[in-house]
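So the structure is just underneath, and the comments pick up after that.
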Amino acid sequence: MGKKLGSVKLGSLYTDGKVRNRREWRGVQDTFYDYTRWLGIMGMLGKFMMKPNNIKGFLRYRWMKNYLAVPMMIDRHTQGLRGPQLRIAHEEFDLVAKDVALLLENLFKGDRNTGNNKEFSDKVVLMDENEMTAVMMGFPTLKGLSRETPSVYVSVLLNQHAAEHYIDIAQEYGLPGDVCPMPETEVGVSIADDFPVLGACAIQCNTTCDGSLLGNGVISNRLEGRDGIPCFQLAAPLRHREEDVQEYAAQEIRNAIAFIEQHTGETWDWPYYFECAKRVNESTRHRQEWLDMNKTDYPQVVGSNLALYNETNYMAICGKLDAFVQADRKITALARKGYENKTLVCPEVRHRAIVWGVQSHYYMDFLIWLQNCWGILPLTDMLSMVSTRIIAEEDTPENREQAYYDMAWLTENMIMRNRTHGGYKVLLDELWQFCEEFNADTVILWEHMSCKALTGMHGQFEEKARERGIHLIWVSHDLFDPRIISRQGVRDQINRYMRTVFQEEPIDPSLEVLNDDNSW
């Protein structure tokens with residue numbers, strides 16, 4: 001075992017109740033690189049815990065204990081990787097980890113329960129975690145912070161069981177059990193008084209579904225009624241591909257900006273906005289180049305590397321931090337080198353797949369498991385197929401007016417929302433176009449049990465897949481709640497299809513069944 005792809009039976013690293021009994025040996029060069037990056041993460045976590053506000057936050061909030069698993073989470077999403085792909089993964093995941101640490105530090109600094117820095121808090125605008133942050137691109141002196149991102153989203157990435165307590169609280173409060181566990185978890189955190197309390201105002205959005213709207217209602221009621229933090233509901237149009245709704249969409253952006261100015265006393269800064277717009281465009285070009293490579297025989301930025309990083313960079317950062325553009329450049333350089341050398345991502349590519357639907361990589365390393373266990377290469381996913389439009393980036397009077405429409409377009413096309421709204425074309429028809437562009441023979445279609453949008457189109461997906469000769473593998477799950485369908489329950493659905501329909505044996509049989517239900 002060592003440097004060669006597939007030389008380690010990855011399942012042998014797992015033990016009952018633990019993620020690993022030892023680190024993966026990848027050859028001298030890659031093992032040394034991976035270990036130094038692991039030390040860097042440990043050092044970053046150590047510095048984080050040396051600050052008094054962060055210690056208070058760790059002791060105050062139940063979900064903070066999940067952050068002990070940060071090094072493990074990065075290990076899970078880099079397993080089996082070598083060469084350029086290992087470095088791409090670390091560039092992405094390590095930067096996201098640092099950004100979340102900074103987010104937590106800022107939250108605890110202004111939180112009335114920990115740092116209680118009112119001057120800082122008055123410069124904070126709370127942002128819905130499932131919302132495009134474009135309306136903050138013109139406020140250089142303000143902080144747009146999400147409370148839900150570290151308490152809900154990242155917590156479940158770190159520990160698959162992180163949301164269960166809050167889901168139960170929400171249902172005890174009276175929310176129905178068939179609501180999507182994502183907004184239900186957010187409601188549970190709010191009811192349990194487990195959100196940091198800070199900010200001059202808050203922006204919420206009609207994100208993806210009725211469950212999200214329900215959750216926003218409960219959270220905004222608490223923010224406004226008990227905490228005295230005014231909320232603005234940004235209502236983006238549902239028919240986001242239609243031209244006749246764009247004026248309304250742009251006006252919603254104007255209204256949100258005016259609301260922020262009113263409650264913070266700050267004024268929109270056009271030069272700063274266009275600086276951010278240039279970074280948004282550069283990140284868009286990099287992402288498009290990665291996708292173009294993935295259409296060839298030698299994909300480079302795939303699976304978790306593309307999905308989880310893209311969610312942070314596209315929606316939460318939205319051009320406001322230069323560090324992500326710097327990372328984009330490094331990733332593109334690594335990807336180009338891998339492409340030129342015809343580097344393979346996994347030992348054997350048996351199937352090229354598009355991953356569609358509301359995906360459950362939130363509590364498992366499913367995408368990298370696909371390539372390591374079965375040689376199914378996840379070329380791209382639904383949440384990564386967002387806007388590739390280049391927005392106005394030069395500061396002119398005409399572009400200042402266009403900017404409202406650009407921000408509206410970004411908000412309408414934020415992750416997940418741009419596929420679950422807008423008609424069957426964006427969800428159904430464009431999937432088959434992507435299959436053709438990426439030369440994919442397989443679609444992994446997540447069937448989120450609490451997501452009515454996709455479940456209602458089950459038959460149409462089946463019919464269109466048969467017409468095109470595409471293998472359609474349905475994978476049922478319940479997003480944040482592994483008690484409904486466990487990690488192994490998700491994997492078993494793939495295992496059955498691969499053995500019965502493709503009649504194939506796994507590339508790495510040690511990964512087919514893993515006793516990891518009680519592990520982080």
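The values are calculated or read from the model by the stated rules, or taken from the named source; none is laboratory data. Values in this document were obtained by computation on a predicted structure and should not be read as measured data. Cβ atoms come from the backbone with ideal geometry, glycine included; neighbour counts cover every protein chain shown. Note: accessible area is taken over every heavy atom of the protein model, side chains too, but ligands, DNA and RNA are not part of it. Shrake-Rupley method; radii C 1.70, N 1.55, O 1.52, S 1.80 Å.
Things worth noting here:
- Of the GluC sites (Glu not before Pro) found in the stretch 167-275, those in coil by DSSP whose Cβ has at most 14 other Cβ atoms within 10 Å are GLU242.
- Inter-centroid distance (Cα atoms) of the stretch 362-392 relative to the stretch 39-58, Å: 31
- Solvent-accessible ranking of MET50, MET414, largest area first, probe 1.4 Å: MET50, MET414
- Our summary gives the stretch 214-347 a relative contact order of 20 percent, counting only alpha carbon pairs under 8 angstrom and 6 or more residues apart.
- Rounded to 10°, Cα long-axis angle of helix 322-340 versus longest principal axis of the chain: 20
- Nearest 10 degrees, 0 to 90: helix 83-110 Cα axis against the chain principal axis: 30
- Positive minus negative residues near ILE203 (Lys, Arg vs Asp, Glu; Cβ under 9 Å): -2
- Its DSSP H runs of at least 4 residues, each contributing -39,500 (n - 2.57), put the calculated 222 nm mean residue ellipticity of the chain at -14500 deg cm²/dmol, to the nearest 500.
- Inter-centroid distance (Cα atoms) of the stretch 339-359 relative to the stretch 254-321, Å: 24
- GLN233 sits among other residues whose Cβ lies under 14 Å from its own Cβ, and their net charge, with Lys and Arg +1 and Asp and Glu -1, is -4.
- If both residues of a DSSP beta bridge must be in the chain, then about 5% of such bridges are antiparallel.
- Loop-located GluC sites (Glu not before Pro) in the stretch 304-355, at most 16 other Cβ atoms within 10 Å (DSSP): GLU348
- Using the Cβ of TRP474 as centre and a radius below 13 Å, the other residues enclosed give a net charge of -2, where K and R count +1 and D and E count -1.
- Compactness check for the stretch 143-186: Cα Rg over 2.2 N^0.38 Å is 1.19.
- List MET457, MET382, ordered by accessible area with a 1.4 Å probe, largest first: MET457, MET382
- Using a cut-off of 24 Å between Cα atoms, the listed pairs LYS56/LYS118; LYS4/LYS342; LYS3/LYS47 include LYS3/LYS47 as exceeding that distance.
- Taking 13 Å as the straight-line reach from the Cα of LYS51, the aspartates and glutamates in range (excluding those fewer than 8 positions away in the same chain) are GLU105.
- Rel. contact order, % - alpha carbon contacts under 8 angstrom, at least six apart, the chain: 19
- Scaled radius of gyration (Cα, divided by 2.2 N^0.38 Å) that the chain gives: 0.93
- For the stretch 467-520, the Stokes-Einstein estimate of translational diffusion at 25 °C and a viscosity of 0.890 mPa s comes to 194 µm²/s, using the Kirkwood hydrodynamic radius over alpha-carbon pairs.
- Partner lysines for LYS278 [C-alpha distance under 27 Å; skip if fewer than 8 residues away on the same chain]: LYS98, LYS123, LYS143, LYS295, LYS320, LYS330, LYS337
- For ASP128, the solvent-accessible surface with a 1.4 Å probe is about 10 Å², rounded to the nearest 10.
- Figure note: LYS65, LYS4 ranked by solvent-accessible area, largest first, 1.4 Å probe, ligands and nucleic acids not counted: LYS4, LYS65.
- The angle between the Cα long axis of helix 270-294 and the longest principal axis of the Cα atoms of the chain comes to about 10 degrees, rounded to the nearest 10.
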